[in-house]
Amino acid sequence: VLTITDNAVAASTLTISGDITAATAALTIKTDDNTSGLVVGGAVTETSVAIKFQLDDTGTLAFTGTTKNIDGIIDGVADNEGTVNFEGVTEVDEAMGGANHLKLINVATGKSADLNAAVNATAFTTTGTGSANFDGAVGVDTITNNGTMTFNSTIDNEAANGDGALVMNATGAVANFNGSSALEYDMVITAATDGFGTLNFCLLYTSDAA
C-alpha cells in the first residue's frame, strides 16, 4: 500500500509522469485525511494482480496527458469521498466508486473520459466541451452536462432506490442515449435555462421519470 499524506499547511500533490504497472503483487495507492492530490500522467496496467486507488474525503486523483488506458479500480475510502478529474484523453476499464462511491467526477473542457465499467458517485460534471462515454451502469445522484455525454447502459441514482438528475447546463450540451437492447433510465432531465441542451435517443429505451 502506498499512502500519500500531506502534513504541510498548504496542500501538496504527488505527480507520477510515467506508467504504473503491477505484475507480481497487488498495489493500492491511497490518500489520507489531509488534503493531498495524485496526478497520473501515464497508463495504469495490471497483470494477474489488482491495482486500486482509494481517495479520502479531500483527496483528488487527476488523469492528465495524451491517450491512455487505466486498469485500476477507483474508490472512496468511505462513501461520498474523493474527487477524480479527467484532464486528458482517458479510458477506464474497471469500476469507479463500486465499493465506496466517489464524491465528484469531473471531465475538463476539451478532454474526455471513456468509462467501460460501472460508475457510482454523488456528482458527475462535464466542464465546457468535456465529454464522457458510459458503457457500464451509471449510479449518480446529479449529473451536470456542459459538453457531450453518451449513455450506453442503465442510469439510476447512487443508491439505486430513486431517480438521478441530469441537468443540461449549456446551450451546446448534448446527451446521447444508446444501447443494444431496451434500457431503463431512472432519472429526471432538466435544462438549467430554457432551450439548453439536445437529447438524442437511439434504439429502445424506457424512462421511469420525466
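The values are calculated or read from the model by the stated rules, or taken from the named source; none is laboratory data. Small disclaimer: the values here were computed from a predicted structure and weren't measured. Ideal geometry is used to build each Cβ from the backbone, glycine not excepted, and the neighbour counts take in all protein chains shown. Surface accessibility is based on the protein's heavy atoms, side chains included, excluding ligands, DNA and RNA. Shrake-Rupley method; radii C 1.70, N 1.55, O 1.52, S 1.80 Å.
Put simply, of Asp75, Asp57, Asp71 the only residue that is within 23 Å of Ser153 (Cβ to Cβ) and open to solvent by 20 Å² or more (accessible area, probe 1.4 Å) is Asp71.
The set of residues in the range 93-124 being more than 17 Å from Gly147 (Cβ to Cβ) and part of a loop (DSSP other than H, G, I, E, B) consists of Asp93, Glu94, Ala95, Gly97, Gly98, Ala99, Asn100, His101, Asn116, Ala117, Ala118. Comparison of Ser131, Ser153, Ser207 shows that the only residue that is at pLDDT 95 or above and hydroxyl-bearing (Ser, Thr, Tyr) is Ser131.
Taken over the range 82-101, the residue count meeting the criterion of being in contact with a Leu (Cβ under 8 Å, 6 or more places away or on another chain) and open to solvent by less than 30 Å² (accessible area, probe 1.4 Å) is 5.
With respect to the conditions (1) within 30 Å of Asp57 (Cβ to Cβ); (2) open to solvent by 10 Å² or more (accessible area, probe 1.4 Å); (3) in contact with a Phe, Trp or Tyr (Cβ under 7 Å, 6 or more places away or on another chain), Thr129 lacks only one, and its number is (3). Checked across the range 145-165, the condition of being in contact (Cβ under 8 Å) with a residue 40 or more places away in the chain, open to solvent by less than 20 Å² (accessible area, probe 1.4 Å) and under 14 Å from the mean Cα position of the chain (by Cα) holds for at least one residue. Quickly run through the range 178-193 and pick out the residues that are at pLDDT 90 or above, outside any loop (DSSP other than H, G, I, E, B) and surrounded by fewer than 19 Cβ atoms within 10 Å (Cβ to Cβ). Result: Val188, Thr190, Ala191.
On the given criteria, is Asp19 at pLDDT 85 or above, loosely packed, with under 14 Cβ neighbours inside 10 Å and charged (D, E, K, R)? When the stated conditions are applied, Asp19 passes them.
Restricting attention to the range 180-192 and to residues that are among the hydroxyl-bearing types (Ser, Thr, Tyr) and in contact with a strand residue (DSSP E or B) (Cβ under 9 Å, 6 or more places away or on another chain), the residue that is farthest from Gly139 (Cα to Cα) turns out to be Thr190. Within the range 26-40, being within 15 Å of Thr15 (Cβ to Cβ), surrounded by 18 or more Cβ atoms within 10 Å (Cβ to Cβ) and at pLDDT 90 or above holds for Ile29, Leu38, Val40. Under 26 Å from Glu94 (Cβ atoms), out of contact with any Cys (no Cβ under 9 Å at 6 or more places or on another chain), modelled with pLDDT of 95 or more and among the hydrophobic types (A, V, I, L, M, F, W, C): is that true of Ala165 in this structure? The answer is yes for Ala165.
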